[in-house]
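First, the structure itself, so that you have it in front of you.
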Amino acid sequence: MLLDRQSRQGHLQPIGAFKIRGAAHALLRLDPEARRRGVVCCSTGNHGKAIAYAARHLGIPATICLSDLVPRAKADAIAALDATIRRCGSSQDDAQKEADRLVEEKGLTDISPFDHRDVILGQATIALELLAERPDLTQIVVPLSGGGLIGGVAFAAKAIKPAIRITGVTMEHGAAMHESLKAGRPVIVTEAPSLADTLGGGINLDNRWTFDLCRSLVDETLLVSEEEIYRGMRALFRQERLIAEGGGAVGIAALLAGKLRFDGPTAMIISGQNADLDQILSVARGDPVRVGDRMVKG
Ligand SMILES: *Cc1c(COP(=O)(O)O)cnc(C)c1O
């Protein structure tokens, strides 16, 4: 078996992704006046779903801004949670601009999917649970996009165990944090369609928290190709009977591609399962799947 089942974290939570942690924590910390006015966010899907879920639970009006790159299945799932959806532009940056506009116009509170202190601290709870279960861990492998997940995990894990290795994994094209770390400052990347669509989006040129967290606490970032992500999703399905979306399978993808380094027990976060069902079925069967304008097969 590929995985120690005990250490599964993230994708089996309400809304099918770990993002419920950060979203719930951020909304619970809002004062009554801000709760009454409502919240807005941009999202590649899962954060929006998490905000919608937590907001409905707390009776807070929520507006979710989505670019055209966000798959239909994710948008439908958010709408089903009673949130208002705005489709805006073809990138995460366009969606963020719309969110900024609604903050100005309606006084809504913007909850960034990653660059928000309370969101980061919510995601950090994963590291507390992992290390409580396995104090002997020497590495945690974390899917990486804007860096809220890895930033929180690294912050909490290294506070407990400074020598623990934190490895980020993301897709080859449009890897905003990876490119920014290389450049030494936040940079803009062109977004590209990916099986790991949930890992798309920039890190904001005026990044407040996650760039510095990643720069100081993440030991290495690795890139995986679409074919490798496909093989990661397929292995999880066939060997573990686990459904993971592409963004949740990048760690396994790196493992199977021989890209990970090991010096002891390693935990891997499988961060979400909200893949399009047809896509999952195709991957499980070994059929090619469409990614943008090309077909991918592992
Ligand atoms: C958001 C998300 C990530 C990455 O989280 P960041 O905090 O943006 O780095 C990874 N996997 C899934 C499934 C996600 O939804």
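Using a Förster distance of 30 Å, how high is the FRET efficiency between ARG185 and LEU28, based on the Cβ-Cβ distance and rounded to 0.05?
0.35
For TYR53, TYR230, give me the order by solvent-accessible area with a 1.4 Å probe, most accessible first, ignoring ligands, DNA and RNA. List each step's numbers first, then the result.
Working: TYR53 90, TYR230 5 Å².
So the residues, ranked largest to smallest area, are TYR53, TYR230.
Let me ask another. Under the 0.36 nm per residue contour assumption, what length would be gained going from the current alpha-carbon distance of ARG134 and THR84 to full extension?
13.9 nm
For the chain, take the convex hull of the Cα atoms, compute a quarter of its surface area, and give me that in nm², please.
Projected over every direction and averaged, the Cα hull of the chain covers 13.9 nm².
Accessible area of region 1-129 with a 1.4 Å probe: how many percent of it is carbon plus sulfur?
Working: 2830 of 5520 Å².
Taking all protein chains in place, region 1-129 shows 51 percent carbon and sulfur surface.
So if R0 is 35 Å, what FRET efficiency would LYS106 and ASP278 give, r being the distance between their Cβ atoms, rounded to the nearest 0.05?
With a Förster radius of 35 Å, E is 0.45.
A follow-up question, please. Run the accessible area of region 142-287 with a 1.4 Å probe and give the carbon-and-sulfur part as a rounded percent.
Carbon and sulfur together cover 50 percent of it.
If you don't mind, there's one more thing I want to ask. What residues qualify as long-range amide H neighbours of VAL291, i.e. H under 5 Å apart, gap of 5 or more or another chain, H built at 1.01 Å from N?
Those lying under 5 Å, H to H, from VAL291 are VAL296.
For the chain, modelled as a GNM with alpha-carbon contacts under 10 angstrom, which of THR198, THR190, THR266 fluctuates the most?
THR190
For the chain, what does the relative contact order come out to in percent, with C-alpha contacts under 8 Å and a separation of six or more?
Working: 658 pairs, mean separation 56.4, N = 298.
Once normalised by length, the contact order is 19 percent.
Keeping every protein chain in place, order LEU217, LEU236 by accessible area at 1.4 Å, biggest value first, i.e. largest first.
From most accessible down to least: LEU217, LEU236.
Using DSSP, restrict attention to beta bridges with both residues in the chain and report what percent are antiparallel, rounded to the nearest 5.
Close to 15 percent.
Enter the accessible area of ASP276 (Å², nearest 10), with the probe set to 1.4 Å and all protein chains included.
60 Å²
Okay, moving on. So which trypsin sites (Lys or Arg not before Pro) in region 15-64 are both in a DSSP loop and have at most 11 other Cβ atoms within 10 Å of their Cβ? Could the numbers behind the result be given before it?
Values: sites: LYS19, ARG21, ARG29, ARG35, ARG36, ARG37, LYS49, ARG56; in loops: LYS19, ARG29.
Filter output for region 15-64: empty list.
Could you pull the accessible area for CYS214 with a 1.4 Å probe, rounded to 10 Å²?
0 Å²
What net charge is computed for the residues neighbouring ALA73, neighbours being all others with C-beta under 11 Å from the C-beta of ALA73, Lys and Arg scored +1, Asp and Glu -1?
Net charge around ALA73: -2.
A follow-up question, please. What is the local net charge at GLY286, summed over the other residues whose Cβ is closer than 12 Å to its Cβ (Lys, Arg +1; Asp, Glu -1)?
+4
Ok, one more. Kindly sort ASP100, ASP115 by accessible area of their heavy atoms, largest first, with the probe set to 1.4 Å. Walk me through the numbers before you get to the answer.
Working: ASP100 70, ASP115 15 Å².
Solvent-accessible surface, decreasing: ASP100, ASP115.
If each residue of separation counts as 0.36 nm, what is the full-extension length gain between ASP293 and ARG238 once their alpha-carbon separation is subtracted?
Extra length from ASP293 to ARG238 when fully extended: 17.1 nm.
Okay, moving on. Write down the accessible area per residue of region 20-110 in Å², having rolled a 1.4 Å probe over the full set of protein chains.
I get 44 Å² per residue for region 20-110.
Based on the Cα coordinates of region 117-285, what is the per residue volume of their convex hull in Å³?
Given the Cα convex hull of region 117-285, per-residue volume reads 108 Å³.
Apply the Karplus curve 6.51 cos²θ - 1.76 cosθ + 1.60, θ = phi - 60°, to the phi angles in region 84-97 and return the couplings in whole Hz, x for Gly and Pro.
These are the phi-based 3J(HN,Hα) values: 7, 10, 10, 8, 8, x, 10, 8, 4, 5, 4, 5, 5, 4 Hz.
Solvent-accessible area of THR44, probe 1.4 Å, all protein chains present, reported in Å² to the nearest ten, please.
20 Å²
The values are calculated or read from the model by the stated rules, or taken from the named source; none is laboratory data. Bear in mind the structure is a predicted one, so any value in this text is a computation, not a measurement. Note: ideal-geometry Cβ built from the backbone for every residue, glycine included; neighbour counts use all protein chains shown. Ligands, DNA and RNA are excluded from the accessible area calculation, which covers all protein heavy atoms including side chains. Shrake-Rupley method; radii C 1.70, N 1.55, O 1.52, S 1.80 Å.
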